[in-house]
């Protein structure tokens, strides 16, 4: 019997050029390869229509996100209310295929009770109320702090209701699954690792010549991490080069980097250039100020890079601690950098990573797990 599935995405899942899209795009690929007929629904607000999605999807629908200020006055979270297109409901109710909602963002019609009687699976990318709380704590803008705090408060109430009404919740971390079980009082949440572009480790042996921090530098938390590395770690490690690479760095970050000749900022590198930076780096610096979800930059570095220095928040509940070098603060990070900057990356380390990552991030196996969950 044919397996047909509606997938509703918070954003257009192509190109897979930032962390949040990896899971969306590669899930389409591996579900399609497993024989699922996919009807894709995406909210478009800047990424445009993408013909590349047709290679994995039987049909592709686009909806405009409602970004009006009036959504800020609603009693439901802005990220949900702005994705309430009536056309989406019309398309979903033309049949009775199961529905996979990618993110709390896409649950408006579930919340309104218009998907009652349907098999509905919610794929979480974060526990959003926790994520927005962290965004508030690390934002420089007063307006953003207020918005994030209000959104976090609304999301806490909203996510509790959604957790109780959906058939199953699929999370990207063990910790998120535990949180949703507590919210709903039901055992319906289960952990399924993110889908990735990688099926094998491609790390290079030997040594690189610089340390690297990469990410979307327009995200406030990522910018704060970059500034912390510059001011508290590399301001005194003047003999070790640091490269910061990512999207849309702020004037503050640009100005700060200019004070140090051994620190380089690469703005908006292409996917190919970023891949080369990751593969050639000697050390990946991956501290995090929050422990929500799973950080795709960590997986990218583990699959494709050499030594990875992290803090507890970056690897909490991931099962990946053994593949990383732990550093709790700036002093420990400096020591780890000085120790491993001259240490070649070995074939044994590559083999260990391959075995560890294959246990968690096997795309074909994880696609079968999801299929069983939907059509049990």
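The values are calculated or read from the model by the stated rules, or taken from the named source; none is laboratory data. Remember, it's a predicted structure, so these values are computed and weren't measured experimentally. Here the Cβ is made from the backbone with ideal geometry for all residues, glycine too, and neighbour counts use every protein chain on show.
Check 103, 46 and return the single one that is closer than 29 Å to residue 291 by Cα, surrounded by 21 or more Cβ atoms within 10 Å (Cβ to Cβ) and in the same structural domain as residue 367 (by TED's automatic domain parsing). Can you show your working first?
Details: 46 fails: surrounded by 21 or more Cβ atoms within 10 Å (Cβ to Cβ).
From the options 103, 46, the qualifying one is 103.
Pairs are defined by a Cβ separation below 6 Å, a sequence spacing of at least 6 or placement on different chains, a first member in region 209-234 that is assigned by TED's automatic domain parsing to the domain that holds residue 260 and at positive phi, and a second member that is surrounded by 17 or more Cβ atoms within 10 Å (Cβ to Cβ) and in a helix (DSSP H, G or I); the pairs so defined are 215/222; 215/297. Checked against (1) on the phi < 0 side of the Ramachandran plot; (2) touching a helix residue (DSSP H, G or I) at 6+ places or on another chain (Cβ under 7 Å); (3) part of a loop (DSSP other than H, G, I, E, B), residue 238 passes all but condition (2). Selection of region 209-225 for residues being surrounded by 17 or more Cβ atoms within 10 Å (Cβ to Cβ), more than 16 Å from residue 261 (Cα to Cα) and touching a strand residue (DSSP E or B) at 6+ places or on another chain (Cβ under 8 Å) yields 213, 214, 215, 216, 217, 222, 225. Scanning region 1-27 for residues being part of a loop (DSSP other than H, G, I, E, B) and either touching a strand residue (DSSP E or B) at 6+ places or on another chain (Cβ under 9 Å) or in contact (Cβ under 8 Å) with a residue 24 or more places away in the chain (or both) gives a total of 10. Residue count for region 28-52 under the criterion of being touching a strand residue (DSSP E or B) at 6+ places or on another chain (Cβ under 8 Å) and part of a helix (DSSP H, G or I): the result is 3. Elements of the type helices (runs of 4 or more DSSP H) sitting completely within region 261-376 and holding at least 3 residues that are in contact (Cβ under 8 Å) with a residue 40 or more places away in the chain: these cover 271-280, 296-304, 330-340, 347-360, 363-374. Out of 26, 63, one residue alone is within 23 Å of the chain's Cα centre (by Cα), buried (at least 18 other Cβ atoms within 10 Å of the Cβ), closer than 16 Å to residue 367 by Cα and at pLDDT 95 or above. It is 26.
Here is a check on your reading of the model: is residue 249 touching a helix residue (DSSP H, G or I) at 6+ places or on another chain (Cβ under 9 Å) and more than 25 Å from residue 328 (Cα to Cα)? Full working, then the answer.
Working: touching a helix residue (DSSP H, G or I) at 6+ places or on another chain (Cβ under 9 Å): yes; more than 25 Å from residue 328 (Cα to Cα): yes.
Yes: the conditions hold for residue 249.
Could you identify the single residue in 39, 58 that is over 30 Å from residue 152 (Cβ atoms), modelled with pLDDT of 95 or more and surrounded by fewer than 18 Cβ atoms within 10 Å (Cβ to Cβ)? Testing whether each residue is over 30 Å from residue 152 (Cβ atoms), modelled with pLDDT of 95 or more and surrounded by fewer than 18 Cβ atoms within 10 Å (Cβ to Cβ) leaves just 58.
Mind checking which residues of region 245-260 are within 28 Å of residue 202 (Cβ to Cβ) and part of a loop (DSSP other than H, G, I, E, B)? The answer is 248, 249.
Of note, residue 233 satisfies the criterion of being at pLDDT 95 or above, touching a strand residue (DSSP E or B) at 6+ places or on another chain (Cβ under 9 Å) and buried (at least 17 other Cβ atoms within 10 Å of the Cβ).
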